[in-house]
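Engineer: What follows is a structure written as structure tokens; I'll ask about it next.
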Amino acid sequence: MDVCYRVTNSMHHSHEISQKEMEMEQNKTILLADDNVQILRMLNSFFRRAGYRCKLCTCGEEAANILRNDRDIGLVLTDHKMPGNEALQMVKEIRIKYPDIKIVVMSGNYSDDTLLELKGIGVRKYLQKPLELRQLQMTIQEELFSSMAGE
């Protein structure tokens, strides 16, 4: 049985939405992690125009703080190369502490070893930089909403 909720917006118009739609809406927050601030700004602008909420961070420590305090994160989009080995360590910690959060990793250069390592820690999606925005949006939608389909 699909549970429905009545939602009233600021104009006092109301409509019913299903529990599934509410969950999808909650999962529309993306944590963007990259040490390149220009890329973060571009991604933030792109996803906000597409209707997503975004949180930004430039290191693994910031990402951990955001994840601890924001339960609406549905997906982490992270650069593979950040100072030290932060990105891989961050992905490993997310897999352990927040197994339901989807992770997409982007990089300018992947090796077979890198892909194997990422697969080994549960990353299903990888994107090559420079990013093709249409492919990026499709990948993010697939990942976010695959959890709604029970994948």
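Only the coordinates and a few stated rules stand behind these numbers; no lab work does. From a predicted model like this one, the values you see are computed outputs, not experimental measurements. Quick reminder, even Gly has a Cβ in these numbers, built from the backbone with ideal geometry, and neighbours come from all protein chains shown.
Engineer: Please quote Rg/Rh for segment 63-151 to two decimal places, taking the Kirkwood radius as Rh and restricting both calculations to Cα atoms.
Structural biologist: Here the Rg-to-Rh quotient is 0.94.
Engineer: Pop a pseudo-label 7 angstrom from the Cα along the beta-carbon direction at both ARG41 and ALA64 and give the gap in nm to one decimal.
Structural biologist: Each label point is offset 7 Å from its Cα along the Cβ direction, giving 2.9 nm.
Engineer: What is the calculated FRET efficiency for ARG53 to LYS92, with r their C-beta to C-beta distance and R₀ = 25 Å, to the nearest 0.05?
Structural biologist: The computed FRET efficiency comes out at 0.50.
Engineer: Within segment 54-151, how many Lys pairs that are eight or more residues apart, or on different chains, come under 14 Å at the alpha-carbon?
Structural biologist: Going through segment 54-151 pair by pair, I get 5.
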